[in-house]
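Notes for the one structure printed next.
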Amino acid sequence: MHIAIKTTAVAISLSLLSACGGSSSDEGDKTVPSQSKVNPAYFENGIKIVKKDYLPLYLNIISVRDEGINFSIGLPKNNGYSGLTSSNLNKTNSNMTQQVWRSGHDQSIQIHMSKVNEKLKLKVNNRDGNKPWKLERDINVAKDAGYLIVTPQEADIEGVEPVAFVEGLDSNAQADFYFSIINRFSDPTLGSTDSNICLAAVSQISDAVYLISASLKQGKATELHNLSMLDQIWSLAVVTKAKLNVLDVSTLPTDEQLTGIQGICPDFTVGNGETLRLLNPKVTPSSMTANIIYSPSPGEVAFTDTSVGLASLAWESE
(Lines give C-alpha, C1' and ligand atoms only; values in the text may rest on other atoms or scores of the structure.)
Protein backbone atom coordinates (compact mmCIF):
# COMPACT_ATOMS: atom_id res chain seq x y z
CA MET A 1 0.00 0.00 0.00
CA HIS A 2 1.29 3.43 -0.91
CA ILE A 3 0.08 6.34 1.16
CA ALA A 4 1.23 9.90 0.58
CA ILE A 5 0.56 12.28 3.45
CA LYS A 6 0.81 16.03 3.58
CA THR A 7 0.32 17.84 6.87
CA THR A 8 -0.09 21.55 7.55
CA ALA A 9 -0.61 23.60 10.66
CA VAL A 10 0.54 20.79 12.88
CA ALA A 11 1.08 22.07 16.42
CA ILE A 12 0.84 25.37 18.17
CA SER A 13 3.23 25.32 21.09
CA LEU A 14 2.15 26.40 24.51
CA SER A 15 3.06 29.96 25.39
CA LEU A 16 3.34 31.44 28.85
CA LEU A 17 2.53 35.10 29.21
CA SER A 18 3.38 36.95 32.38
CA ALA A 19 3.79 40.59 33.31
CA CYS A 20 4.96 42.19 36.53
CA GLY A 21 3.61 45.48 37.80
CA GLY A 22 5.56 48.11 39.77
CA SER A 23 5.85 47.96 43.54
CA SER A 24 5.53 50.48 46.35
CA SER A 25 5.35 50.35 50.09
CA ASP A 26 1.53 50.56 49.76
CA GLU A 27 0.75 48.09 46.90
CA GLY A 28 3.45 45.44 46.89
CA ASP A 29 4.13 43.35 43.74
CA LYS A 30 1.42 42.89 41.12
CA THR A 31 1.65 39.83 38.84
CA VAL A 32 -0.65 39.03 35.90
CA PRO A 33 -1.75 35.38 36.25
CA SER A 34 -0.21 32.95 33.76
CA GLN A 35 -2.31 32.16 30.72
CA SER A 36 -1.78 29.04 28.59
CA LYS A 37 -2.74 28.85 24.93
CA VAL A 38 -3.54 25.27 23.94
CA ASN A 39 -3.43 23.75 20.49
CA PRO A 40 -7.03 22.92 19.44
CA ALA A 41 -5.92 19.87 17.44
CA TYR A 42 -2.85 17.85 16.50
CA PHE A 43 -2.39 16.43 13.00
CA GLU A 44 0.84 14.43 13.17
CA ASN A 45 2.52 11.90 10.91
CA GLY A 46 2.80 8.30 12.04
CA ILE A 47 2.16 6.71 15.42
CA LYS A 48 1.76 9.09 18.38
CA ILE A 49 0.49 8.78 21.94
CA VAL A 50 -2.84 10.27 22.96
CA LYS A 51 -2.01 13.50 24.78
CA LYS A 52 -3.48 14.51 28.13
CA ASP A 53 -6.83 16.34 27.71
CA TYR A 54 -7.09 15.31 24.04
CA LEU A 55 -9.56 12.97 22.35
CA PRO A 56 -8.25 10.80 19.50
CA LEU A 57 -9.98 10.38 16.16
CA TYR A 58 -10.96 6.73 15.74
CA LEU A 59 -11.38 6.38 11.99
CA ASN A 60 -10.27 3.93 9.29
CA ILE A 61 -10.72 4.81 5.62
CA ILE A 62 -10.90 1.73 3.41
CA SER A 63 -11.13 1.62 -0.37
CA VAL A 64 -12.05 -1.51 -2.33
CA ARG A 65 -12.30 0.51 -5.52
CA ASP A 66 -10.33 0.11 -8.74
CA GLU A 67 -9.41 3.80 -8.87
CA GLY A 68 -7.29 6.06 -6.72
CA ILE A 69 -8.94 8.35 -4.21
CA ASN A 70 -7.92 11.53 -2.41
CA PHE A 71 -9.15 12.63 1.00
CA SER A 72 -8.56 15.37 3.51
CA ILE A 73 -9.50 15.85 7.17
CA GLY A 74 -9.41 19.28 8.75
CA LEU A 75 -10.60 21.41 11.64
CA PRO A 76 -12.29 24.45 10.03
CA LYS A 77 -11.47 27.94 11.30
CA ASN A 78 -12.84 31.10 9.68
CA ASN A 79 -12.22 30.62 5.95
CA GLY A 80 -9.45 28.09 6.40
CA TYR A 81 -8.32 25.36 8.77
CA SER A 82 -6.53 25.35 12.09
CA GLY A 83 -5.27 21.87 11.21
CA LEU A 84 -5.42 19.82 8.02
CA THR A 85 -4.13 16.53 6.64
CA SER A 86 -4.35 15.43 3.01
CA SER A 87 -3.66 11.91 1.76
CA ASN A 88 -4.52 9.36 -0.92
CA LEU A 89 -5.15 5.67 -1.43
CA ASN A 90 -4.08 3.85 -4.59
CA LYS A 91 -6.48 1.77 -6.64
CA THR A 92 -6.93 -1.86 -5.68
CA ASN A 93 -5.64 -4.82 -7.68
CA SER A 94 -5.68 -8.62 -7.60
CA ASN A 95 -2.86 -8.68 -5.03
CA MET A 96 -4.20 -5.81 -2.91
CA THR A 97 -7.98 -6.06 -2.68
CA GLN A 98 -8.30 -3.12 -0.29
CA GLN A 99 -6.31 -0.01 0.56
CA VAL A 100 -6.44 1.33 4.12
CA TRP A 101 -5.61 4.51 6.03
CA ARG A 102 -5.85 4.38 9.85
CA SER A 103 -5.87 7.26 12.31
CA GLY A 104 -3.40 6.48 15.08
CA HIS A 105 -1.24 4.49 12.67
CA ASP A 106 -0.60 6.29 9.37
CA GLN A 107 -1.58 9.64 10.83
CA SER A 108 -2.46 10.65 14.40
CA ILE A 109 -5.30 13.16 14.74
CA GLN A 110 -6.54 14.29 18.15
CA ILE A 111 -8.73 17.14 19.36
CA HIS A 112 -8.53 19.08 22.62
CA MET A 113 -11.41 18.35 25.00
CA SER A 114 -12.51 21.98 24.85
CA LYS A 115 -13.03 21.62 21.08
CA VAL A 116 -14.88 18.28 20.90
CA ASN A 117 -18.10 19.98 19.79
CA GLU A 118 -16.30 21.50 16.79
CA LYS A 119 -16.69 19.04 13.93
CA LEU A 120 -13.91 17.95 11.62
CA LYS A 121 -14.54 18.28 7.89
CA LEU A 122 -13.89 15.16 5.79
CA LYS A 123 -13.65 15.33 2.00
CA VAL A 124 -13.25 12.28 -0.26
CA ASN A 125 -13.08 12.14 -4.06
CA ASN A 126 -11.71 10.03 -6.90
CA ARG A 127 -8.63 11.25 -8.69
CA ASP A 128 -8.39 9.16 -11.85
CA GLY A 129 -11.84 7.74 -12.63
CA ASN A 130 -13.98 8.39 -15.71
CA LYS A 131 -16.90 9.64 -13.60
CA PRO A 132 -15.91 12.28 -11.02
CA TRP A 133 -17.53 12.02 -7.59
CA LYS A 134 -17.02 13.76 -4.27
CA LEU A 135 -18.28 13.35 -0.72
CA GLU A 136 -18.13 15.88 2.10
CA ARG A 137 -19.28 15.12 5.64
CA ASP A 138 -18.74 16.34 9.18
CA ILE A 139 -17.10 14.17 11.84
CA ASN A 140 -17.76 14.55 15.55
CA VAL A 141 -14.67 13.02 17.16
CA ALA A 142 -16.61 12.17 20.32
CA LYS A 143 -19.36 10.28 18.46
CA ASP A 144 -18.30 9.22 14.96
CA ALA A 145 -15.82 6.40 15.56
CA GLY A 146 -15.95 3.95 12.68
CA TYR A 147 -15.05 2.96 9.14
CA LEU A 148 -15.50 5.00 5.97
CA ILE A 149 -15.72 2.48 3.13
CA VAL A 150 -15.33 3.37 -0.54
CA THR A 151 -17.32 0.72 -2.40
CA PRO A 152 -16.32 -1.00 -5.69
CA GLN A 153 -17.42 0.08 -9.16
CA GLU A 154 -19.65 -2.98 -9.63
CA ALA A 155 -21.95 -1.58 -6.91
CA ASP A 156 -22.15 1.95 -8.36
CA ILE A 157 -25.55 3.66 -8.41
CA GLU A 158 -26.14 6.71 -10.61
CA GLY A 159 -26.19 9.87 -8.49
CA VAL A 160 -25.13 8.13 -5.26
CA GLU A 161 -21.58 8.55 -3.92
CA PRO A 162 -19.77 5.19 -3.58
CA VAL A 163 -19.15 5.67 0.14
CA ALA A 164 -20.70 4.15 3.27
CA PHE A 165 -19.98 4.59 6.98
CA VAL A 166 -19.93 1.66 9.40
CA GLU A 167 -20.17 2.62 13.07
CA GLY A 168 -17.42 1.19 15.26
CA LEU A 169 -17.92 -1.09 18.24
CA ASP A 170 -18.15 0.13 21.81
CA SER A 171 -14.83 -0.07 23.63
CA ASN A 172 -16.27 -2.70 25.99
CA ALA A 173 -17.47 -5.02 23.19
CA GLN A 174 -16.30 -8.60 23.59
CA ALA A 175 -13.86 -10.03 21.06
CA ASP A 176 -15.75 -12.15 18.53
CA PHE A 177 -16.70 -12.12 14.86
CA TYR A 178 -18.82 -9.18 13.72
CA PHE A 179 -20.27 -8.19 10.40
CA SER A 180 -22.02 -5.25 8.76
CA ILE A 181 -24.16 -5.12 5.61
CA ILE A 182 -23.96 -2.19 3.17
CA ASN A 183 -27.01 -1.57 0.96
CA ARG A 184 -26.09 -0.74 -2.65
CA PHE A 185 -29.21 -2.41 -4.09
CA SER A 186 -31.05 -0.73 -6.95
CA ASP A 187 -33.70 -1.76 -9.46
CA PRO A 188 -35.07 0.04 -12.54
CA THR A 189 -38.62 -0.34 -11.18
CA LEU A 190 -37.77 1.48 -7.94
CA GLY A 191 -36.70 4.96 -6.91
CA SER A 192 -33.98 5.51 -4.35
CA THR A 193 -36.52 5.93 -1.53
CA ASP A 194 -37.98 2.49 -2.33
CA SER A 195 -34.60 0.77 -2.58
CA ASN A 196 -34.33 0.10 1.14
CA ILE A 197 -34.06 -3.56 2.16
CA CYS A 198 -35.02 -5.71 5.15
CA LEU A 199 -32.38 -8.12 6.47
CA ALA A 200 -32.78 -11.24 8.59
CA ALA A 201 -30.44 -14.05 9.62
CA VAL A 202 -31.97 -17.41 8.72
CA SER A 203 -30.86 -20.69 10.26
CA GLN A 204 -30.04 -23.53 7.87
CA ILE A 205 -30.75 -26.25 10.45
CA SER A 206 -33.93 -24.92 12.08
CA ASP A 207 -36.80 -22.51 11.39
CA ALA A 208 -35.22 -19.71 13.44
CA VAL A 209 -34.94 -16.17 12.03
CA TYR A 210 -33.26 -13.12 13.61
CA LEU A 211 -33.78 -9.50 12.63
CA ILE A 212 -30.72 -7.63 11.33
CA SER A 213 -32.41 -4.49 9.96
CA ALA A 214 -36.12 -3.80 9.44
CA SER A 215 -35.40 -1.17 6.76
CA LEU A 216 -31.86 -0.34 5.61
CA LYS A 217 -31.76 2.68 3.31
CA GLN A 218 -29.88 2.67 0.03
CA GLY A 219 -26.25 3.71 0.57
CA LYS A 220 -26.35 3.02 4.33
CA ALA A 221 -24.73 0.30 6.45
CA THR A 222 -25.97 -1.69 9.42
CA GLU A 223 -24.21 -1.54 12.74
CA LEU A 224 -21.73 -4.32 13.41
CA HIS A 225 -23.65 -7.45 14.44
CA ASN A 226 -22.43 -10.45 16.41
CA LEU A 227 -24.31 -13.61 15.47
CA SER A 228 -22.17 -16.04 17.43
CA MET A 229 -25.30 -16.84 19.45
CA LEU A 230 -26.60 -18.78 16.45
CA ASP A 231 -23.79 -21.31 16.86
CA GLN A 232 -24.89 -22.85 13.57
CA ILE A 233 -24.85 -22.39 9.81
CA TRP A 234 -26.97 -19.45 8.67
CA SER A 235 -27.85 -17.40 5.61
CA LEU A 236 -28.87 -13.79 5.12
CA ALA A 237 -32.40 -13.16 3.87
CA VAL A 238 -32.59 -9.94 1.81
CA VAL A 239 -36.12 -8.65 1.23
CA THR A 240 -36.67 -5.93 -1.37
CA LYS A 241 -39.62 -3.94 -2.70
CA ALA A 242 -38.93 -5.20 -6.21
CA LYS A 243 -40.24 -8.39 -7.78
CA LEU A 244 -37.16 -10.52 -8.31
CA ASN A 245 -36.45 -13.15 -10.94
CA VAL A 246 -38.04 -16.54 -10.28
CA LEU A 247 -35.91 -19.04 -8.35
CA ASP A 248 -36.21 -22.75 -7.67
CA VAL A 249 -38.17 -23.32 -4.47
CA SER A 250 -35.21 -25.20 -2.95
CA THR A 251 -33.29 -21.92 -2.68
CA LEU A 252 -35.99 -20.26 -0.56
CA PRO A 253 -36.56 -20.30 3.21
CA THR A 254 -39.05 -22.74 4.69
CA ASP A 255 -42.71 -21.72 4.94
CA GLU A 256 -42.24 -21.18 8.69
CA GLN A 257 -39.23 -18.95 8.03
CA LEU A 258 -41.12 -16.94 5.40
CA THR A 259 -43.83 -16.29 7.97
CA GLY A 260 -41.22 -15.27 10.53
CA ILE A 261 -39.49 -12.96 8.06
CA GLN A 262 -42.80 -11.28 7.20
CA GLY A 263 -43.33 -10.66 10.91
CA ILE A 264 -40.02 -8.83 11.32
CA CYS A 265 -40.25 -7.04 7.94
CA PRO A 266 -43.73 -5.47 8.24
CA ASP A 267 -43.08 -2.78 5.61
CA PHE A 268 -42.27 -5.37 2.95
CA THR A 269 -44.28 -8.02 1.12
CA VAL A 270 -42.55 -11.37 1.56
CA GLY A 271 -45.27 -13.58 0.05
CA ASN A 272 -43.81 -16.84 -1.21
CA GLY A 273 -40.36 -15.33 -1.60
CA GLU A 274 -40.89 -13.36 -4.81
CA THR A 275 -39.07 -10.33 -3.33
CA LEU A 276 -36.47 -12.27 -1.35
CA ARG A 277 -32.99 -13.73 -1.79
CA LEU A 278 -30.91 -15.92 0.53
CA LEU A 279 -27.23 -15.02 0.50
CA ASN A 280 -24.24 -16.54 2.27
CA PRO A 281 -22.19 -13.80 3.97
CA LYS A 282 -18.42 -13.89 3.69
CA VAL A 283 -17.36 -13.90 7.32
CA THR A 284 -14.20 -15.09 9.01
CA PRO A 285 -14.18 -16.33 12.62
CA SER A 286 -12.70 -13.86 15.14
CA SER A 287 -12.78 -11.00 12.64
CA MET A 288 -14.86 -8.04 11.52
CA THR A 289 -16.24 -7.88 7.99
CA ALA A 290 -18.49 -5.65 5.90
CA ASN A 291 -20.42 -7.26 3.03
CA ILE A 292 -21.85 -5.17 0.19
CA ILE A 293 -25.24 -6.00 -1.36
CA TYR A 294 -25.92 -4.84 -4.92
CA SER A 295 -27.90 -5.75 -8.02
CA PRO A 296 -25.70 -7.34 -10.71
CA SER A 297 -28.64 -7.21 -13.15
CA PRO A 298 -32.34 -6.25 -12.99
CA GLY A 299 -34.28 -8.59 -10.71
CA GLU A 300 -31.16 -9.95 -8.98
CA VAL A 301 -29.52 -9.48 -5.57
CA ALA A 302 -25.98 -10.55 -4.68
CA PHE A 303 -22.88 -9.75 -2.67
CA THR A 304 -20.01 -7.99 -4.43
CA ASP A 305 -16.99 -10.18 -5.16
CA THR A 306 -14.94 -8.43 -2.49
CA SER A 307 -15.88 -8.21 1.17
CA VAL A 308 -14.25 -5.58 3.39
CA GLY A 309 -12.00 -6.55 6.27
CA LEU A 310 -12.27 -4.19 9.27
CA ALA A 311 -9.29 -3.79 11.60
CA SER A 312 -9.46 -2.49 15.16
CA LEU A 313 -9.98 1.26 15.55
CA ALA A 314 -7.56 1.36 18.49
CA TRP A 315 -4.45 3.46 18.10
CA GLU A 316 -1.14 1.62 17.86
CA SER A 317 0.07 3.40 21.01
CA GLU A 318 -2.95 2.35 23.10
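Just so you know, the Rg over Rh for the range 60-113 is 1.08, from Cα atoms, with Rh as the Kirkwood radius. Percentage of Cα-Cα pair distances in the range 103-252 greater than 22 Å, rounded to whole percent? Result for the distance tail: 56 percent.
Any idea what the alpha-carbon Rg over 2.2 N^0.38 Å comes to for the range 273-317?
1.56
Measuring r between the beta carbons of Met96 and Thr251 and using R0 = 30 Å, the FRET efficiency lands at 0.35. Rolling a 1.4 Å probe over the protein heavy atoms of the range 187-302, with every protein chain left in place, gives an accessible area that is 51 percent carbon and sulfur.
For Gln262, what is the net charge nearby, where nearby means another residue's Cβ is under 13 Å from its Cβ and Lys, Arg count +1, Asp, Glu -1?
Net charge in that neighbourhood comes out at -4.
Couplings for the range 301-306, taken from phi via the Karplus curve 6.51 cos²θ - 1.76 cosθ + 1.60 with θ = phi - 60°, read 9, 7, 8, 5, 4, 10 Hz in order; Gly and Pro are left as x.
Projected over all directions and averaged, the alpha-carbon convex hull of the range 129-175 occupies 4.8 nm². A simple count of charges around Glu161, restricted to other residues whose Cβ falls under 10 Å of its Cβ and scoring Lys, Arg +1 and Asp, Glu -1, yields 0.
The charge dipole of the range 99-216, taken about its Cα centre with unit charges on the Cβ atoms of Lys, Arg (+1), Asp and Glu (-1) only, comes to about 540 debye.
Rounded to the nearest angstrom and ordered from largest down, what semi-axes does the equivalent ellipsoid of the range 99-157 get from its C-alpha gyration tensor (root of 5λ)? Write out the running numbers ahead of the final one.
Working: eigenvalues 143, 35, 22 Å².
Sorted largest first and rounded, they come to 27, 13, 10 Å.
Equivalent-ellipsoid semi-axes for the range 152-235 (Cα gyration tensor, √(5λ), whole Å, largest first): 26, 18, 10.
Spin-label model, Lys282 to Glu316: label points 7 Å out along the Cα-to-beta-carbon direction sit 2.7 nm apart. Size of the range 165-318 from its Cα atoms: along the principal axes, largest to smallest, the extents are 52, 34, 26 Å. Over all pairs of different C-alpha atoms in the range 58-185, the reciprocal of the mean inverse distance, the Kirkwood hydrodynamic radius, equals 15.9 Å.
3J(HN,Hα) couplings calculated from phi for the range 85-98 with the Karplus curve 6.51 cos²θ - 1.76 cosθ + 1.60 (θ = phi - 60°) are, in sequence order, 10, 10, 8, 8, 10, 6, 5, 7, 8, 5, 8, 9, 7, 8 Hz; Gly and Pro show x.
For the range 63-73, 3J(HN,Hα) computed residue by residue from phi via the Karplus equation (6.51, -1.76, 1.60; θ = phi - 60°) reads 10, 10, 10, 7, 7, x, 10, 10, 8, 9, 10 Hz, glycine and proline entered as x.
Once the Cβ-Cβ distance of Ser114 and Leu135 is raised to the sixth power relative to R0 = 30 Å, the FRET efficiency obtained is 0.55. For the range 188-276, the calculated P(r), taken from all Cα-Cα distances in 10 Å bins from zero up to the bin holding the longest distance, is 17, 50, 30, 4 percent. A full extension of the chain between Asp66 and Ala208 corresponds to an added length of 47.2 nm, given 0.36 nm per residue minus the alpha carbon distance.
Where the alpha-carbon atoms of the range 237-300 are placed on the principal axes, they occupy 35, 28, 25 Å, in descending order. Compared with the alpha-carbon gap, the fully stretched path from Glu167 to Glu44 is longer by 41.9 nm at 0.36 nm per residue. In this simple spin-label approximation, Lys51 and Asp128 carry label points 7 Å from Cα along the Cα→Cβ vector, and these lie 3.6 nm apart. Ligands, DNA and RNA are left out, and with a 1.4 angstrom probe the accessible area of the range 78-209 is 48 Å² per residue.
The values are calculated or read from the model by the stated rules, or taken from the named source; none is laboratory data. The structure presented is a predicted model; accordingly, all values stated were derived computationally and were not measured. Backbone-built Cβ (ideal geometry, glycine too); neighbour counts: all protein chains shown. Surface areas here come from the heavy atoms of the whole protein model, side chains and all, with no ligands, DNA or RNA. Shrake-Rupley method; radii C 1.70, N 1.55, O 1.52, S 1.80 Å.
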